[in-house]
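> The structure under discussion is supplied below as structure tokens; questions concerning it will follow.
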Amino acid sequence: MSKILGIDLGTTNSAVAVIEAGEPKIIENKEGNRTTPSIVAISKSGDRLVGLLAKRQSVTNPKNTLFSIKRLIGRKFNDSEIKKDREWLPYELKESANGGVEIKMQDKFYRPEEVSAMILQKLKTDAGEKIGEAVNEVVITVPAYFDDAQRKATQAAGEIAGFKVRRILNEPTAAALAYGFNKKKDEQIVVYDFGGGTFDLSVLEVTADTIEVKAVGGDTHLGGDDFDQKIIKWIADEFKKQEGIDLSKDTLALQRLKEAAEKAKHELSTTNETELNLPFITSGDSGPKHLVMRFSRTQLEKLVGDMIDKSIAITKQVVVDSGFKLSDIDEIVLVGGQTRMPAIIEAVRKLFGKEPNRTINPDEVVAIGAAVQAGILQGEVKDILLLDVTPLNLGIETLGSVMTKIIEKNTTVPTAKSQVFSTAADSQTSVEIHVLQGEREMAQDNKTLARFILDGIPPSPRGLPQIEVTFDIDANGVLSVKAKDKATGKEQSVRIEASSSLSKEEIERMKKDAQLHADEDRQKRELVDLRNQADSIIYTSEKSLRDAGEKVDPAMKKDIEEKVEILKKTKDGQNGNEIKSALSNLSSSLQKIGEVLYKQASPEKPEDNNTSSENVKEAEFEEKKDDK
Amino acid sequence: MSDEEIKKEEEVGVLEKCEKEKKDYLDGWQRAKADFLNYKKDEGRRLEDMAKFVISGLIQDILPIMDSFDLALGHDLSKESERGVLLIRSQFEDVLKKRGLEQIKTESGDNFNPEVHESIGEVESEHTEGTVAEVVQKGYRFRERVIRPARVRLAKNKK
């Protein structure tokens, strides 16, 4: 069966996705880009251009370059929106015979659906070439506020482009589908869509088998492009203050400013400050001028803060309109490139008191969701093939009561993983396997799934035995844990049926707990790791001194013994830095001893302890008090 | 129908259900295995693409530095300084060339072609209207693909 495309036909950019091997995937266009500008033009030489090529000639051909067609589609010429848009759109509009809108390009008038069809046509051709087969069916997304006429016109655009339009899908619904929220019965979802030119807010409700739009709102002239403009203006103003030169008249300088502003905006999503560096930006009376200034995240947030506040105010209002309270909202989905901005994420998080969903690329999430819908229509997403993931980390308790992860959360099951551990004390003959589930660093903060003991380990120095622990989860979520002593082949195992039977609430609570205690846990864990290091180095020191016997200079021996004592005293304290310095003091003294021993080395005195254990142990079991 | 016949019919039903399930599972398994094999095959290509993508991102970030050299050379420098800057620029360009960067050749009077040009304005010129009057920023190809079009001003007739 031929594939069905999912298309996000956007105001400024469009994207295409398809289901491949059961997973939605964005398809690149002919130019190798994952999004295509929603722009159509007829060039001065008479060629029809779509996408990036149309954009590249828009400056010198504004009257014949059509963009933002989505603002016109399905509307009446007398709509108040159209009246407003006519004031700033550079191309010519006229009223059609039936009261609709027609747009002039070169000498001909086109209906908006014909223009959108040209964009869809390009997407169709490029996708067909990329997939290797013609695609004739499509799911197209539209804003949730689109009325019947706008939906019909969008459908007509698809048909003109030669598609069979299988579904006109709401953009917020698509975003929710991309995250698989159609399976979350009786939940309320907010989709916060901050695009390049428009801001849309939707409240959705997932019922038995539909996703219903409860309320929509937004601002059709608020978007990331406004942010760029503010930044450009700020830089130009600063430069004028510094050098007295106005850059806004110089097209090349402005172009460079625009690129620098976009780059700075992107960088400030991950760093706190960036440098704008544009050498030779212009020339003054005294020669060339350079633009060098620092731009910080705080400055950016000051520049655009009012626009973010506006979007938050709209969000609050729309949630009220939907009849829900902010606390009723179960999930928030972020859509649109601008939502990468930390200040926006923070504002949304603060408003709802929840972490918004943003793991899927916000520029692509709507197209991805359209492809998911297409997949449902073509029957590719079959239930029996759906594989589960483990919701929480699974692991065992190791030395110092820490949890060592064996299978990390979000691993697709069925799966099996194993790791080799060793003993923590000399002549330790048994180990306890304490199977844990959870997100926290310390064993006692996680849920105990089982405990069992593997005994009969032949007495040997610590770190020498190799005990392989294997975790195996089958497709039904049944966890088997096996511990095997590699030397004797002796093994012990346990089957845990209930490993995945945690309720959703329980999983959420555990995840939240982990977030809440992340810092504190990390500190505890670091302390334990330091103590373990301390124990190990004390052991090595004492052993080395014993082994070396008379070969070591008494002064050196005393020095080490003292430092061991200091470390023994500090290691159980709470001050990590003290332990660290005691550790490094001892280890540098120990190196000196090593040098001395090496110099007088005889072949029957190999330093076997360190080398052999390094290969084996990733962690050590806690010593059992009752071992025999 | 006797009890035995009813029982037989039920058994046939169960068997049919099993057969169907068996088929579904085998289908799913085969499909998963095929997907996996294809994925493995594609992985090499994907890694290659990824490497290309990473380099092209880096080169895109570097292009403004090339521009700055061009801009510097457009200003009055002492003869030796100019030669020095020119040498640094060509040193720099050599490295990028070896990685697959290629300058798009554009001259005044060339026809405007949006596949390799981006117009940023118009200027009065001797050249035919609508053709390239001046190149204000060089364009580049990276491994056949245009990673940045040449920024040009188009000719318009003298009034």
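> Taking the conditions exactly as written (outside any helix (DSSP H, G or I), under 27 Å from the mean Cα position of the chain (by Cα) and within 27 Å of residue A:309 (Cα to Cα)), does residue A:139 satisfy them or not?
no
> Hey, another quick one. What's the number of the only condition in (1) surrounded by 14 or more Cβ atoms within 10 Å (Cβ to Cβ); (2) away from every other protein chain (no Cβ under 14 Å) that residue A:298 fails to meet?
Unmet condition: (1).
> Of all residues in the stretch A:50-87, how many are away from every other protein chain (no Cβ under 13 Å) and either in a loop (DSSP other than H, G, I, E, B) or aromatic (Phe, Trp, Tyr) (or both)?
Here the count works out to 9.
> If you don't mind, there's one more thing I want to ask. Please work out if residue B:90 is at pLDDT below 90 and either outside any loop (DSSP other than H, G, I, E, B) or on the phi > 0 side of the Ramachandran plot (or both).
no
> May I pose another question? Would you confirm, using the coordinates I've provided, whether residue A:452 is touching a Ser or Thr at 6+ places or on another chain (Cβ under 9 Å) and crowded, with 21+ Cβ neighbours inside 10 Å?
So residue A:452 does not fit the description; no.
> Inside the stretch A:179-223, can you point out the residues that are buried (at least 23 other Cβ atoms within 10 Å of the Cβ) and assigned to a helix (DSSP H, G or I)?
Across the stretch A:179-223, there are no qualifying residues.
> For the stretch A:94-112, check the following and say yes or no: at least one residue is modelled with pLDDT of 90 or more, of a type in the set (Lys, Arg) and closer than 30 Å to residue B:152 by Cβ.
There is at least one residue in the stretch A:94-112 that is modelled with pLDDT of 90 or more, of a type in the set (Lys, Arg) and closer than 30 Å to residue B:152 by Cβ.
> Identify the residue in the stretch A:314-351 that is small (Gly, Ala, Ser) and more than 16 Å from residue A:193 (Cβ to Cβ) and, among all such residues, is nearest to the chain's Cα centre (by Cα).
Once the filter is applied, the top-ranked residue is A:343.
> Go through the residues of the stretch A:410-423 one by one and say whether even a single one is in contact with a Pro (Cβ under 6 Å, 6 or more places away or on another chain), buried (at least 16 other Cβ atoms within 10 Å of the Cβ) and either of a type in the set (Phe, Trp, Tyr) or assigned to a strand (DSSP E or B) (or both). Before the answer, list the steps.
Filtering the stretch A:410-423 for residues in contact with a Pro (Cβ under 6 Å, 6 or more places away or on another chain) gives A:422-423.
Subsequent filtering for residues that are buried (at least 16 other Cβ atoms within 10 Å of the Cβ) retains A:422-423.
Next cut, either of a type in the set (Phe, Trp, Tyr) or assigned to a strand (DSSP E or B) (or both) only: A:422.
So far as the stretch A:410-423 goes, yes, one or more of its residues are in contact with a Pro (Cβ under 6 Å, 6 or more places away or on another chain), buried (at least 16 other Cβ atoms within 10 Å of the Cβ) and either of a type in the set (Phe, Trp, Tyr) or assigned to a strand (DSSP E or B) (or both).
> A further question on this structure: Tell me the residue from B:80, B:5 that is loosely packed, with under 10 Cβ neighbours inside 10 Å, out of contact with any strand residue (DSSP E or B) (no Cβ under 9 Å at 6 or more places or on another chain) and closer than 30 Å to residue A:281 by Cα, please.
When all the criteria are applied, what remains is B:80.
Condition check ((1) touching a Cys at 6+ places or on another chain (Cβ under 7 Å); (2) assigned by TED's automatic domain parsing to the domain that holds residue A:38; (3) within 22 Å of residue A:357 (Cβ to Cβ)) across all residues:
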position: A:141; (1), (2), (3): no, yes, yes
position: A:150; (1), (2), (3): no, yes, no
position: A:159; (1), (2), (3): no, yes, no
position: A:167; (1), (2), (3): no, yes, no
position: A:190; (1), (2), (3): no, no, yes
position: A:200; (1), (2), (3): no, no, yes
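> Also: Provide a single number: the residues in the stretch A:164-185 that are at negative phi and at pLDDT below 90. Steps first, please.
Taking the stretch A:164-185 and keeping what is at negative phi, we get A:164-179, A:181-185.
So of that shortlist, the ones also at pLDDT below 90 come out as A:181-185.
Result for the stretch A:164-185: 5.
> Which of the residues spanning the stretch A:236-259 are over 14 Å from residue A:295 (Cβ atoms), of a type in the set (A, V, I, L, M) and within 13 Å of chain B (Cβ to nearest Cβ)?
Within the stretch A:236-259, A:252, A:253, A:254 qualify.
> Quickly run through the stretch A:260-295 and pick out the residues that are closer than 25 Å to residue A:343 by Cα, surrounded by fewer than 16 Cβ atoms within 10 Å (Cβ to Cβ) and within 9 Å of chain B (Cβ to nearest Cβ).
Once the filter is applied, which keeps residues that are closer than 25 Å to residue A:343 by Cα, surrounded by fewer than 16 Cβ atoms within 10 Å (Cβ to Cβ) and within 9 Å of chain B (Cβ to nearest Cβ), the stretch A:260-295 yields A:263, A:277.
> Any idea which of B:48, B:43 is more than 11 Å from every other protein chain (Cβ to nearest Cβ) and over 18 Å from the mean Cα position of the chain (by Cα)?
B:43
> Something else now. Can you tell me which residue within the stretch B:109-157, out of those that are surrounded by fewer than 16 Cβ atoms within 10 Å (Cβ to Cβ) and within 20 Å of residue A:250 (Cα to Cα), is nearest to the other protein chains (Cβ to nearest Cβ)?
Once the filter is applied, the top-ranked residue is B:123.
> Can you tell me which residue is modelled with the lowest pLDDT among those in the stretch A:142-152 that are surrounded by fewer than 21 Cβ atoms within 10 Å (Cβ to Cβ) and not in a loop (DSSP other than H, G, I, E, B)?
A:148
> Out of the residues in the stretch A:446-456 meeting the condition of being over 16 Å from residue A:398 (Cβ atoms) and either of a type in the set (S, T, N, Q) or in a loop (DSSP other than H, G, I, E, B) (or both), tell me which one is farthest from the chain's Cα centre (by Cα).
Filtering the stretch A:446-456 for residues that are over 16 Å from residue A:398 (Cβ atoms) and either of a type in the set (S, T, N, Q) or in a loop (DSSP other than H, G, I, E, B) (or both), the one farthest from the chain's Cα centre (by Cα) comes out as A:456.
> Please go through the stretch A:477-492 and pick out each residue that is touching a residue at least 40 places away in the same chain (Cβ under 8 Å) and either surrounded by fewer than 15 Cβ atoms within 10 Å (Cβ to Cβ) or among the acidic types (Asp, Glu) (or both).
A:486
> Something else: Could you tell me how many of the residues in the stretch A:457-489 are under 19 Å from residue A:436 (Cβ atoms), modelled with pLDDT of 90 or more and not in a strand (DSSP E or B)?
Of the residues in the stretch A:457-489, 0 are under 19 Å from residue A:436 (Cβ atoms), modelled with pLDDT of 90 or more and not in a strand (DSSP E or B).
> Checking the condition out of contact with any Cys (no Cβ under 8 Å at 6 or more places or on another chain) and touching a residue at least 12 places away in the same chain (Cβ under 8 Å), which residue from B:7, B:52, B:17, B:22 passes? Please lay out each step first, then the result.
Numbers: B:7 fails: touching a residue at least 12 places away in the same chain (Cβ under 8 Å); B:17 fails: touching a residue at least 12 places away in the same chain (Cβ under 8 Å); B:22 fails: touching a residue at least 12 places away in the same chain (Cβ under 8 Å).
From the options B:7, B:52, B:17, B:22, the qualifying one is B:52.
> Next question, about the same structure. Can you find a residue in the stretch A:204-220 that is charged (D, E, K, R) and under 26 Å from the mean Cα position of the chain (by Cα)?
Applying the first criterion (charged (D, E, K, R)) to the stretch A:204-220 yields A:205, A:209, A:212, A:214, A:219.
With under 26 Å from the mean Cα position of the chain (by Cα) added as a condition, the list becomes A:205.
There is at least one residue in the stretch A:204-220 that is charged (D, E, K, R) and under 26 Å from the mean Cα position of the chain (by Cα).
> Could you list, ordered by first residue, the pairs with Cβ atoms under 6 Å in which the first is in the stretch A:396-413 and in the same structural domain as residue A:448 (by TED's automatic domain parsing) and the second is in a loop (DSSP other than H, G, I, E, B) and among the charged types (D, E, K, R), at least 6 apart or interchain?
The qualifying pairs are A:399/A:622; A:413/A:388.
> Take the conditions closer than 23 Å to residue B:49 by Cα, β-branched (Val, Ile, Thr) and crowded, with 24+ Cβ neighbours inside 10 Å and apply them to residue A:40. Does it pass? Step through it out loud before you land on a result.
Numbers: closer than 23 Å to residue B:49 by Cα: no; β-branched (Val, Ile, Thr): yes; crowded, with 24+ Cβ neighbours inside 10 Å: yes.
Answer is no for this residue.
> Considering each of B:96, B:15, B:73 in turn, give the residue that is surrounded by 11 or more Cβ atoms within 10 Å (Cβ to Cβ) and at pLDDT 90 or above.
None of the others qualify; the one that does is B:96.
> Considering only residues that are charged (D, E, K, R) and touching a strand residue (DSSP E or B) at 6+ places or on another chain (Cβ under 9 Å), which ones fall in the stretch A:67-106?
A:70, A:75, A:76, A:79, A:85, A:86, A:92, A:94, A:95, A:102, A:104
> Among the residues of the stretch B:93-108, which ones are within 13 Å of chain A (Cβ to nearest Cβ) and part of a strand (DSSP E or B)?
Those that are within 13 Å of chain A (Cβ to nearest Cβ) and part of a strand (DSSP E or B): none in the stretch B:93-108.
> Of all residues in the stretch B:67-89, how many are within 12 Å of chain A (Cβ to nearest Cβ) and touching a helix residue (DSSP H, G or I) at 6+ places or on another chain (Cβ under 7 Å)?
5
The values are calculated or read from the model by the stated rules, or taken from the named source; none is laboratory data. Since the structure is predicted, the reported quantities are computational estimates derived from the model, not experimental observations. For neighbour counting, all protein chains shown are included, and Cβ atoms are generated from backbone atoms with ideal geometry for every residue, glycine included.
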